[in-house]
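One structure below.
The values are calculated or read from the model by the stated rules, or taken from the named source; none is laboratory data. For clarity, every value in this text was computed on a predicted model and none was experimentally measured. In this analysis, Cβ positions are derived from the backbone assuming ideal geometry, glycine residues included, and neighbour counts consider all displayed protein chains. Just the protein is used for accessible areas: all its heavy atoms, side chains included, with ligands, DNA and RNA removed. Shrake-Rupley method; radii C 1.70, N 1.55, O 1.52, S 1.80 Å.
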Amino acid sequence: MRLGGPWAWLLGLPTAVVYGSLALFVSVLHNVFLLYYVDTFVSVYKIDKAAFWVGETVFLLWNSLNDPLFGWLSDRRFLSSQPRSGAGLSSRAVVLARVRALGWHGPLLALSFLAFWVPWAPAGLQFLLCLCLYDGFLTLVDLYHHALLADLALSAHDRTHLNFYCSLFSAAGSLSVFASYAFWNKEDFSSFRAFCLALATGSGLGFVGAARLLRRRVEAAGREPGCPAMAVNGGLCEEELLVSSEEAGSITLGQYLRQLARHRNFLWFVGMDLVQVFHCHFNSNFFPLFLEHLLSEHISLSTGSFLLGISYVAPHLNNLYFLPLCRRWGVYAVVRGLFLLKLGLSLLMLLAGPNHPGLLCLFIASNRVFTEGTCKLLTLVVTDLVDEDLVLNHRKQAASALLFGMVALVTKPGQTFAPLLGTWLLCFYTGHDLFQRHPPAPVGSAQPWPEPPAQPPAQAPALRQGCFHLLVLVPIACALLQLFTWSQFTLHGRRLHMVKAQRQSLSRAQTLDIKMV
């Protein structure tokens, strides 16, 4: 069926725009989820403490295991590429399978998002089920979306082009955080529910539309005559990557893990990325604490709220500048430069001390923005590791979703280490326990919860000094560890070019590039 009239222009959208729009449909939901799900269950549904911690514990385990689990279920057939009934496996078929999966799982993600905002079960049970369902569908969407980045393009230029639109649309999706403030009201939840329903409807329909457009582009490219190599107007070749039955064989999970254990660059990368994930979540967890104890006397509450909101948007906008640099200098050099910048700014702040509010405000904001921005650039490095994994292990098809899942398995513990290590360091430096509660007043007291005794004069300055040391010493330690591990990573320059050339040779077909303009 041919689309005409007002819909015809949709078919002319560049593939990069359609691919990037998928990030918009995730971002509009996920930022609202992160900001409100805890407050909703604690303040609106009145979940009890035991049920809350049980839900969070189960969620922690599920969140750590579902990435490699779904990656293995999705891509294990690509490790051996064993044909069925003599059929061949094509790169185009792999891309189409991922696109169809996004068309199904995207709307299911939107439905699971809606399940948070309407009470339909006891609060503890609903909390557990909603978290696991939402995170499961979010993981599937993220895995397939990231895998497409490695499957749709091979050249660094085209991958950064795709990632550019992801950052642009993610920044647009982050604006839902600002819009949500107009609807959030714990006393009257109906307007916020209507807002979330509008977000979920738009996201679900967007996933369906984008998946159909992307599928049409892939199918149309496969019908184009010829297969121009690395051409700007190139298409997806119809030629299939046939696998002979004599080469086909099964591979177990243990064998795959042993292959990863021999993948030197993968091991150095996940070591560096573990520190990066830790630092990203450390900044997110302690951003309000730093604002309170270091800047509350110098900035207004509205300014602090604005800084918190803009920190969701700025990393995506920041990447719009860094991605062109990646095309020119390579991702490795840009990431190394960001580590050096992190180290230099932290040392400068340490020398300046905590008594410069303007410099502190700039450092707190820039530290979070640059750290989050670096996380988004590292997706491009994982796509290069997908290429190297294919070459090193002579695979017939890149197991991109599985490799993204294995990276997540190793690095997600950084999310848990961040609040645990941060609160321990704060207590170590200052003696201030964030979980300390004041004891109840004795019977007969005029006030049921009396004011705590006045702090000794040295305690408040000690807490402020401890927060400052935490603010600057953690980035310094992270930067030094990352500079060391990153220096051991060799998949850049000549080696990266060699890997990409060998991937083309092993595939026995031209580069898998869909028209980008």
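Take the residues in the stretch 307-328 that are among the aliphatic types (A, V, I, L, M) and open to solvent by 20 Å² or more (accessible area, probe 1.4 Å); name whichever of them is nearest to Leu35 (Cα to Cα). So that I can check it myself, show each step before the final result.
Here is the first cut: in the stretch 307-328, the ones among the aliphatic types (A, V, I, L, M) are 307-308, 310, 313-314, 317, 320, 323, 325.
Okay, now just the ones that are also open to solvent by 20 Å² or more (accessible area, probe 1.4 Å), so 307-308, 310, 314, 317, 320, 325.
Values: Leu307: 15, Leu308: 11, Ile310: 13, Ala314: 17, Leu317: 20, Leu320: 25, Leu325: 32 Å.
In this case the residue turns out to be Leu308.
Which members of the stretch 399-418 meet the condition of being open to solvent by 10 Å² or more (accessible area, probe 1.4 Å) and more than 16 Å from the chain's Cα centre (by Cα)?
Residue satisfying the conditions is Phe417 alone.
Restricting to the stretch 383-398, what's the tally of residues that are within 19 Å of the chain's Cα centre (by Cα) and open to solvent by less than 10 Å² (accessible area, probe 1.4 Å)?
Let us first name the residues in the stretch 383-398 that are within 19 Å of the chain's Cα centre (by Cα), namely 383-386.
Checking the rest, the ones that are also open to solvent by less than 10 Å² (accessible area, probe 1.4 Å) come to 383, 385-386.
Total satisfying the criteria: 3.
Residue-wise test of (1) in contact (Cβ under 8 Å) with a residue 24 or more places away in the chain; (2) closer than 21 Å to Leu426 by Cβ; (3) in a helix (DSSP H, G or I).
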position: Pro288; (1), (2), (3): no, yes, yes
position: His316; (1), (2), (3): yes, no, yes
position: Gly344; (1), (2), (3): no, no, yes
position: Pro354; (1), (2), (3): yes, yes, no
position: Gly373; (1), (2), (3): yes, no, yes
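If you go through the stretch 267-276 one residue at a time, do you hit one that is more than 30 Å from Ile310 (Cα to Cα), open to solvent by 30 Å² or more (accessible area, probe 1.4 Å) and touching a residue at least 24 places away in the same chain (Cβ under 8 Å)?
Step one: list which residues in the stretch 267-276 are more than 30 Å from Ile310 (Cα to Cα), which gives 267-268.
From what's left, open to solvent by 30 Å² or more (accessible area, probe 1.4 Å): 267-268.
Filter again for touching a residue at least 24 places away in the same chain (Cβ under 8 Å), leaving 268.
Within the stretch 267-276, one or more residues are more than 30 Å from Ile310 (Cα to Cα), open to solvent by 30 Å² or more (accessible area, probe 1.4 Å) and touching a residue at least 24 places away in the same chain (Cβ under 8 Å).
Of these, Ser174, Ser170, Ser203, which one is open to solvent by 10 Å² or more (accessible area, probe 1.4 Å), under 19 Å from Ser27 (Cβ atoms) and within 20 Å of the chain's Cα centre (by Cα)? Before you say what the answer is, go through the steps one by one.
On the way: Ser174 fails: open to solvent by 10 Å² or more (accessible area, probe 1.4 Å); Ser203 fails: open to solvent by 10 Å² or more (accessible area, probe 1.4 Å).
Result of the check over Ser174, Ser170, Ser203: Ser170.
Residues to consider are Ala398, Ala418; find the one that is modelled with pLDDT of 65 or more and farther than 25 Å from Gly466 by Cα.
Details: Ala418 fails: farther than 25 Å from Gly466 by Cα.
After applying the criteria, what remains is Ala398.
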